[in-house]
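These notes are about the structure you will find just below.
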Amino acid sequence: MKKNLALFDFDGTITYNDSFLEVIKFQKGKWAFYKGFLFMAPIMVLFKLKVIPNWKAKEMVITYFFKGDTYQDFQKKCDDFAETIIPKMLRPKANKKIEEHKKRGDRVVLVSASAENWLQPWTKKMDIELIGTQLETKDGLLTGKLCSPNCYGPEKLKRVLDILDLKEFENIYVYGDSRGDKEILAIATEAYYRHF
């Protein structure tokens, strides 16, 4: 008997706000966060105008805030963030929908452009799978680069198809809230855009 598959985006779908921005505030403090984004305002304008691609803008932000940080310290703070902050960011309806899929025996996978570093502790606790963006380290330090393609848009679908055989599933439920989810929403037998 075929099982069902449930794919969830994270930021804006399961949460009220963007976890990447919240991680920066949590690790660096609000003052450093606002100062950093004021400094990078021209980059953000170029990103909004689609001059700079999503992945490049992300690398620039990661480089500014985290390049040279030790992986061990960064990961410890990500673990703390997942434990203390993520639960406060969750949409109750999304959490309930995840639990419904789990109780039915569906395979539940979180597919996110955010880094696996702060999502994995939460997905492990929730007992669901994770496909996310991975950050590069060298000699125990963050380089500011991505070591996997940014898990956004077409890359989300590619990563899903690399790992899962969609023919194994009777129904495919997809939950998303942005342009970055367009491709995975297109493979759904039941697509949920900005609602549950």
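The values are calculated or read from the model by the stated rules, or taken from the named source; none is laboratory data. If you're wondering where the values come from, they're calculated on a predicted model, not measured in any experiment. Counting neighbours? That spans all protein chains shown, and the Cβs are built from the backbone with ideal geometry, glycine included.
Pairs only if they're at least six apart or on different chains, beta carbon under 7 angstrom, first in the range 22-46 and among the small types (Gly, Ala, Ser), second modelled with pLDDT of 95 or more; list them, first residue then second. Between residues of the range 22-46 that are among the small types (Gly, Ala, Ser) and residues that are modelled with pLDDT of 95 or more, the close pairs are GLY36/TYR64; GLY36/PHE65.
If we scan the range 67-87, do we find a residue that is hydroxyl-bearing (Ser, Thr, Tyr) and touching a Ser or Thr at 6+ places or on another chain (Cβ under 8 Å)? Within the range 67-87, one or more residues are hydroxyl-bearing (Ser, Thr, Tyr) and touching a Ser or Thr at 6+ places or on another chain (Cβ under 8 Å). Taken over the range 72-100, the criterion of being surrounded by 13 or more Cβ atoms within 10 Å (Cβ to Cβ), among the basic types (Lys, Arg) and outside any loop (DSSP other than H, G, I, E, B) is satisfied by LYS77, LYS97. Looking at ILE85, is it more than 23 Å from ILE24 (Cβ to Cβ) and more than 13 Å from the chain's Cα centre (by Cα)? No, not satisfied. Every condition in (1) over 21 Å from ASN17 (Cβ atoms); (2) at pLDDT below 95; (3) surrounded by fewer than 17 Cβ atoms within 10 Å (Cβ to Cβ) holds for LYS103 except the one numbered (2). Residue selection: MET40 satisfies the criterion of being of a type outside the set (S, T, N, Q), touching a helix residue (DSSP H, G or I) at 6+ places or on another chain (Cβ under 7 Å) and at pLDDT below 95.
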